[in-house]
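> This is the structure, below, for whatever I ask next.
Every number in this text was worked out from the coordinates using simple rules, so none of it is lab data. Keep in mind the model is a prediction, meaning the values are calculated, not measured. Note that each Cβ is placed from the backbone with ideal geometry, even for glycine, and that neighbours are counted across all protein chains shown.
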Amino acid sequence: MAEMKSKKEKLLVANRSEIACRVFQACRELGISTVAVVAPGDEQARHVTYADEVVEVSSYLDPAAIVAAARSVGATLVHPGYGFLSERSVFANAVEAAGMAFVGPRGETMDLLGGKIAAKELAERIGVPTLPWAKVQLGGDLKAAALKVGFPLLLKAAAGGGGKGMRRVDRAEDLDSAAESAAAEALAAFGDGTLFLERLVDHPRHIEVQVFGDGMGGGVHLFERECTLQRRHQKIWEEARAEYLSDAVRNGLHAAALKLVCEVKYRSAGTIEFLVDDQGGFYFLEMNTRLQVEHPVTECVTGVDLVHTQIRQALNPKKAALPEVPAARGHSIEVRIYAEDPAQGFLPTPGTVERLRWPTGAWIRVESGIEEGQTIGTSFDSMLGKLVVWAENRELAIERLRVALEETVILGLGTNQAYLLALCSDPDVKAGKVHTHWLEKTFASRYQAVPSDADLALWSALRKQGLGAALDQAPASSRVGGAVSSQASPWQQIGAEGLKP
Amino acid sequence: MSQSNGTLKISGQRVTIPEPSQGWEIECRPGGWLIAIRKNADGTTERRRLAVWSKRQSVGLILGGRLSSFEVQKTARAGMASGAPDDSDLVAQFPGKVRKLLVKAGEEVPAGQPLLQVEAMKMEFTIRAPFAGKIAKWHVTEGQQLMPGIRFLDLEAKTEKES
């Protein structure tokens, strides 16, 4: 085939684990070579073996080190993933200044939308509804500002995220002490103690709109997602589309999101987050200027590959590269599997993945960030992977998710698998009667970490048939030999397997 | 005197290991699955699928898609019921930082009393007294970095007076 001479494209992902693998898959499909970065302590991570080249960097958070790594291998594109440097304009600008394409929005757009206060002011200016809010001036009259906003309210860090520097305040008397501790926490976490006040909505739902902009003032929305099931402002269960919205609210959300995209001439994939109250009011929260963790549910209901679309646009930025968005079909749910114990305040449960078996089956998608044998420490995010399902309706999607979770085997460390499984059969989840504090306020007391007596008695029976003696006391070497002589003792065999290097 | 099967620690809760249920036949299947089959008196057959991994006292059990991770605690032998209470909760299990000590040395605390706050993985956790007792000695100070295995404090169990 006579082909035009074209530059060989090479993409570096400035990220790790499952999202790096997700982007690498797209690159491999598009014939683009792949470069992974790896930080000290993360050598076992899955993305390291998934790429064509690997460069060591001192930290995933060091923009200069990552730009230097990209230049050293001749990368032509850099994808930031989510978290880490993905919303740092300094990084996006440095990548482009070095002559590479940044797969995401322009740095100046991040500056425009990154600060929570600036983003609110922008939304207000173009008529996108926001919650009543007020800036907190250093040494200013906190009480007057609070009365303007109204109680109950939230104190929030201007530079915040993940619930850090956030306090609920119900009474004027509690303002000063809450402000003091929130500012200290924000200063420690983000190096910036600036706060603002925002009216608190009781029992809200978290709805977000997926958008894609052409960078020239045009854009499309790819419908909405519902991420109401959160704990400490961390999403664990995400759906597309949002089932429990009136058409008026849904259309209002889409229109408001598009207004923002066009106003800032947004480029690439982004998400606009809203709170929806039980009266049908909706309020702009913030814009995430990156690909979201939960992007697969949107891909499932639209059939649009968001990562392909991002990369194609980055390769040809002058052409309007908007995806064609078909009508959404069916329902999709994603859950995040973490190495943590939901029954103990989500305490991290580091350990080694001794046995791993992701589910297979119709309409089940797995975004894995781990490998069997890998040790999960506490230095990096404890998300092990994501399970995504699609079905023709929400009811069936929940049942399919339950089956997928039942088929998942991750042994050797604790995970939130049982917790997610319990959510699948909860009547409030099935009926959609949830709000953003439902997990902490209602579900926390429903979740039973201890298995039933019958299940423990079965385990006890199996243990009696050989597990206890063989694994608790005998040294490893003595078990490997005389293993499966008796049909009734599967334990030695399992023990021997588990000890293979 | 009945001999105890020992106890389990599941998500910080202590659970007595139940008597084994009877009549299970175990089949090892490819993929690491185990099938437990039991024929009941009424002619029905129960069939459960599970996966187990175990090393020393740590057990991971998948049964009906539910993962339970737990520790098998030392088997209490008959006649040794009054040994020292288990205070493994007072040792750091993961790296982090001591945020705040909530009680002073010499204080008496009831079981469940918050003793200190630690920070790990950008989150705060409260360590509670596993049993009633007196704070004998603090081994950590506020702001100190924690590595797994560092003991927070010595807690002297309160001896129950029998009358």
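> Would you please give the FRET efficiency between A:GLN137 and B:TRP33, computed as 1/(1 + (r/R0)^6) with r the Cβ-Cβ distance and R0 = 56 Å, to the nearest 0.05?
0.35
> Shifting gears a bit: Can you give me the relative contact order of chain A as a percent, contacts being Cα pairs under 8 Å and 6 or more apart?
Reported relative contact order: 12 percent.
> Here's another thing I want to ask about it. How many nm separate the modelled label positions at A:ASP174 and A:GLU124, each set 7 Å beyond the Cα in the direction of the Cβ?
2.5 nm
> I would also like to ask the following. Determine which lysines satisfy two conditions relative to A:LYS319: a Cα distance under 25 Å, and not lying fewer than 8 residues away in the same chain.
A:LYS5, A:LYS7, A:LYS8, A:LYS10, A:LYS259, A:LYS265
> While we're looking at this one, here's another question. Would you be so kind as to identify which of A:GLY303, A:VAL264, A:ASN288 lies farthest towards the positive end of the dipole of the range A:242-355, taking Lys and Arg as +1 and Asp and Glu as -1 on Cβ and the Cα centre as origin?
Farthest towards the positive pole: A:VAL264.
> Could you go through the range A:341-348 in sequence order and give the Karplus-derived ³J(HN,Hα) for each residue, using 6.51 cos²θ - 1.76 cosθ + 1.60 with θ = phi - 60°, rounded to whole Hz, and x for Gly and Pro?
Each residue of the range A:341-348 in turn: 10, x, 7, 10, x, 6, 4, x Hz.
> Per 0.36 nm of contour for each residue apart, how much would the distance between A:LYS7 and A:LYS259 grow if the chain were fully extended, relative to their Cα-Cα spacing?
87.1 nm
> Turning to a different aspect of this structure: Give the relative contact order (percent, whole number) for the range A:211-363; include only Cα pairs under 8 Å separated by 6+ residues.
Dividing the mean separation by the residue count of the range A:211-363 yields 25 percent.
> Give the long-range amide H neighbours of A:VAL54: residues separated by 5 or more places, or on another chain, with amide H under 5 Å away, using H modelled in the peptide plane at 1.01 Å from N.
A:ALA36
> Next question. Filter the GluC sites (Glu not before Pro) in the range A:14-76 to those in DSSP coil with at most 14 other Cβ atoms within 10 Å of their Cβ, and list the result.
Hits after loop and neighbour filter: A:GLU43.
> Follow-up. Show that you can apply the helix-only estimate: for the protein assembly as shown, add -39,500 (n - 2.57) for every DSSP H stretch of four or more residues, divide by all residues, and state [θ] at 222 nm to the nearest 500.
-7500 deg cm²/dmol
> Given Cα pairs under 8 Å that are at least 6 residues apart, what percent is the relative contact order of chain B?
17 percent
> Once the piece of chain linking A:GLU108 and A:SER425 is laid out straight, how much longer is it, given 0.36 nm per residue of separation minus the C-alpha distance between them?
109.6 nm
> Work through the residues other than A:ILE126 whose Cβ is under 11 Å from its Cβ and net out their charges, Lys, Arg +1 and Asp, Glu -1.
Taking every Cβ under 11 Å from that of A:ILE126, the sum is -1.
> Can you compute the modelled spin-label distance between A:ALA184 and A:ASP202, with each label point 7 Å from Cα toward Cβ, in nm?
Each label point is offset 7 Å from its Cα along the Cβ direction, giving 3.1 nm.
> Also, I was wondering about something else. Using the Karplus equation 6.51 cos²θ - 1.76 cosθ + 1.60 (θ = phi - 60°), what ³J(HN,Hα) coupling, rounded to whole Hz, does each residue of the range A:368-382 give in order, writing x for Gly and Pro?
Running phi through 6.51 cos²θ - 1.76 cosθ + 1.60 with θ = phi - 60° gives 8, x, 9, 10, 5, x, 6, 8, 9, x, 10, 7, 10, 3, 8 Hz.
> Let me ask something additional. Please work out how much length the chain gains when fully extended from A:LEU147 to A:ASP277, using 0.36 nm per residue of separation minus the C-alpha to C-alpha distance, in nm with one decimal.
44.7 nm
> Return the ratio Rg/(2.2 N^0.38 Å) for chain B, where Rg is computed over Cα atoms only.
Rg over 2.2 N^0.38 Å, computed on Cα atoms: 1.36.
> Assign unit charges at the C-beta atoms only (+1 for Lys and Arg, -1 for Asp and Glu), then state the dipole size of the range A:1-101 relative to its Cα centre in Debye, rounded to the nearest 20.
Charge dipole of the range A:1-101: 240 debye, to the nearest 20.
> Once amide H atoms are placed 1.01 Å from N in the peptide plane, what residues at a sequence separation of 5 or more from A:THR352, or on another chain, have their amide H within under 5 Å of its amide H?
Hits under the 5 Å cutoff: A:ILE376.
> Convert each backbone phi in the range A:199-211 into a coupling constant with the Karplus relation 6.51 cos²θ - 1.76 cosθ + 1.60 (shift: θ = phi - 60°), then list the ³J(HN,Hα) values in order as whole Hz, x for Gly and Pro.
So the J values, rounded to whole Hz, are 4, 8, 9, 7, 6, x, 9, 9, 10, 9, 10, 7, 10.
> Once you place label points 7 Å from the Cα toward the Cβ at B:LYS100 and A:GLU395, how far apart are they in nm?
4.9 nm
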